[in-house]
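Handing you this structure, nothing more for now.
Only the coordinates and a few stated rules stand behind these numbers; no lab work does. The structure presented is a predicted model; accordingly, all values stated were derived computationally and were not measured. Reconstructed Cβ throughout: ideal geometry from the backbone, glycine too, with neighbour counts over all protein chains shown.
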Amino acid sequence: MKAKNLVKLSFYSRSVNEGFARGALAAFLAQADPTVPELADLKTAVSEAVTNCIVHAYPGGVGLVHMSIALYEGGKVKITIADKGVGIADVKKAMEPMFTTGDPGERAGLGFAVMQSFTDKVKVTSTPGKGTRVVLTKTLAGKK
């Protein structure tokens with residue numbers, strides 16, 4: 001299925017850019033007229049995905065985070081967040097609630113669980129040493 005509109009962005013894995021990603025998402029999705037709760041849900045899911053890149057993908061350094069947002073007929077939204085960082089050795093384990101590779105005193109290990117609760121589907125693919133790709137899908141209510 002071909003997107004009816006698409007945007008692609010790249011930005012550094014700096015914490016200040018998490019807010020930029022949320023704002024860019026909101027600006028792009030305005031054309032789809034999402035409800036306030038739908039927009040809040042997607043902004044939260046994107047925040048978690050981008051934060052994972054910032055915290056985990058490039059330990060001790062900065063790298064690029066790539067985000068694309070596609071709109072399809074019927075109100076389907078597909079958001080892809082990707083990096084070329086260290087990758088995830090065990091995606092299934094990483095998606096378990098409370099699992100974190102970060103400092104457990106600072107990280108709750110709930111990022112993927114949050115993404116899943118605010119979208120219809122979350123698909124994660126990763127290759128150690130080559131990076132991670134998270135695809136978030138949601139169909140906007142009233143647009144189905």
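³J(HN,Hα) across the range 118-130 via Karplus (A = 6.51, B = -1.76, C = 1.60, θ = phi - 60°), whole Hz, x for Gly/Pro?
Here the 3J(HN,Hα) series is 9, 10, 7, 8, 10, 10, 10, 10, 7, 10, x, x, 10 Hz.
What does the net charge come to around Asp83 if you take all other residues with beta carbon closer than 10 Å to its beta carbon, with K and R at +1 and D and E at -1?
+3
Next up: Once fully extended, how much extra length lies between Lys8 and Asp33, figured as 0.36 nm per residue of separation less the alpha-carbon to alpha-carbon distance?
7.0 nm
Here's another thing I want to ask about it. As a quick test, which of the pairs Lys84/Lys123; Lys2/Lys43; Lys92/Lys130; Lys8/Lys92; Lys4/Lys130; Lys8/Lys121 have an alpha carbon distance above 25 angstrom in this structure?
Lys8/Lys92; Lys4/Lys130
Net charge within 14 Å of Phe118 by Cβ-Cβ distance, Lys/Arg positive one each and Asp/Glu negative one each, not counting Phe118 itself?
Computed value for this residue: 0.
Expressed as a fraction of 2.2 N^0.38 Å, the rule-of-thumb size for a compact globular protein of N residues, what is the C-alpha radius of gyration of the range 1-55?
Output field value: 1.18.
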